1. Would you check if there is a residue in the stretch 377-397 being among the hydrophobic types (A, V, I, L, M, F, W, C) and surrounded by fewer than 16 Cβ atoms within 10 Å (Cβ to Cβ)?
2. Taking only the stretch 262-287 into account, find how many residues are part of a loop (DSSP other than H, G, I, E, B) and buried (at least 18 other Cβ atoms within 10 Å of the Cβ).
3. Quick check on Ala223: is it outside any strand (DSSP E or B) and at pLDDT 95 or above?
4. Only one residue in Lys142, Lys173 is in contact with a strand residue (DSSP E or B) (Cβ under 6 Å, 6 or more places away or on another chain), within 22 Å of Ala252 (Cβ to Cβ), modelled with pLDDT of 90 or more and among the charged types (D, E, K, R), so which one is that?
5. Inside the stretch 236-267, can you point out the residues that are more than 21 Å from Thr330 (Cβ to Cβ) and touching an Asp or Glu at 6+ places or on another chain (Cβ under 7 Å)?
Amino acid sequence: MQDNSPLLYRAEQMLRYLRNEMTVADSKAFEDWLSKNPAHQQFIAGLSEEQGMEDIMAFLFATEREAAWASLQQKLNLSQQQDQKGKIFPLRALRLWKKMTVAAAVLLVAGAGLYFYTHKPLKNKVTVQDLAVNDIVAGGNKAYLTLADGKKIALTDIGNGKVAEQAGLSITKTAEGQLLYEIKESAVAEKNKEQLLYNTITTPAGGQYQVVLPDGTHVWLNAASSLTYATSLANLKERKVELKGEAYFEVARQEKDQIKKPFIVKSRNQEVEVLGTHFNISSYEQESLTATTLLEGRVKVSRPHAFEETISPGEQSLVGKGIAVTKVDTSTAVAWKNGLFRFENANIYTVMNQFSRWYNFDVKYEGKAPANKFNGEIYRNLNASKALKILSYAKIRFRVESNDRNPERKTIVITAN
């Protein structure tokens, strides 16, 4: 952050402080900064004591960082002076912060800056309120497991404990919302490894799930996705799975004395080959490109007779007809796994595609789509009405419609500005 916006920098630090994302040393330095200067205390007190903060603050995808900052300054009437009585604001701001939860407060802090909603009525505000009456709740741990014999198990509806047994494997649902494969009968597993029995775990729109595969690889599956894998995965010479949608992988590392068995993820337009690493693949049909983002290790992204690239940590490959590799902020790619929507210079289609998959509603566009670019983040545990409220703050016009054949299903119609 540049020195010409020190308070903006501190305001962004406030969000990190609330989330306990600071080190102990950084937290102490931040509190020291606040306590030593009355103007700083005035600034923070203005944020904390703003009437109706929970209603007027929301995560904002600000398109103009400096304009958003100027609006915040005007709203709080910031100055470098004490008030008329010479009163200095004590550390009550910090005490107020600790009473607030960021998710409940719908805090309006984004990577693009800060912005205060001014209580001026918006043309589509009634629409958002109407949605809140019959709101769409955020997604959660929902998935279906399809066994090799075709049996389909709704993991949401069954209790924790053993789910099924097959081919020498025990499949267990844990209290942490994971599906865990454990080899129980090695002799039976060895006998059945040539049968290549396959399981598929599928998440619906509004669902997510975690699975620990037979080889120990940990997979987080995002909404509207599926992963198909062999039950004998740990015994195969090549550990190959097939992904539709999005997933984050922490591939199980092999012991030094073990024969190396590459782990391969087949998805739309590509294959990703690794030995032991952490990476994210987003391969939704609605998106024009398949994105592979590497956090740890090295992976090879390829399509036979077309291209092959090896990417390093902090890089992302984008695959369409060809392949492009760029440096990225990996936290954006895995934000969904950590309970966030996070956007960097994203267009309205990217935003609404993610919303529609998580909240399970339809999206339509009337006229020319808004050209806004969105930067920032929102907690995924907010109901749809609160998440969609950011469109109002960004001056995006939309309305909510019900499906005649299915009144409970909603359609968000984005209209031209």
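1. No, there is no match, as no residue in the stretch 377-397 is among the hydrophobic types (A, V, I, L, M, F, W, C) and surrounded by fewer than 16 Cβ atoms within 10 Å (Cβ to Cβ).
2. Here is the first cut: in the stretch 262-287, the ones part of a loop (DSSP other than H, G, I, E, B) are 262, 268-269, 275-277, 284-287.
Next cut, buried (at least 18 other Cβ atoms within 10 Å of the Cβ) only: 277, 284.
Adding up the residues that qualify gives 2.
3. Yes, satisfied.
4. None of the others qualify; the one that does is Lys173.
5. Hits for the stretch 236-267 are Arg239, Lys261, Pro262, Ile264, Lys266.
The values are calculated or read from the model by the stated rules, or taken from the named source; none is laboratory data. Owing to the predicted nature of the structure, the values given are computational and were not obtained by experimental measurement. Cβ: placed from backbone, ideal geometry, glycine included. Neighbour counts: every protein chain shown.
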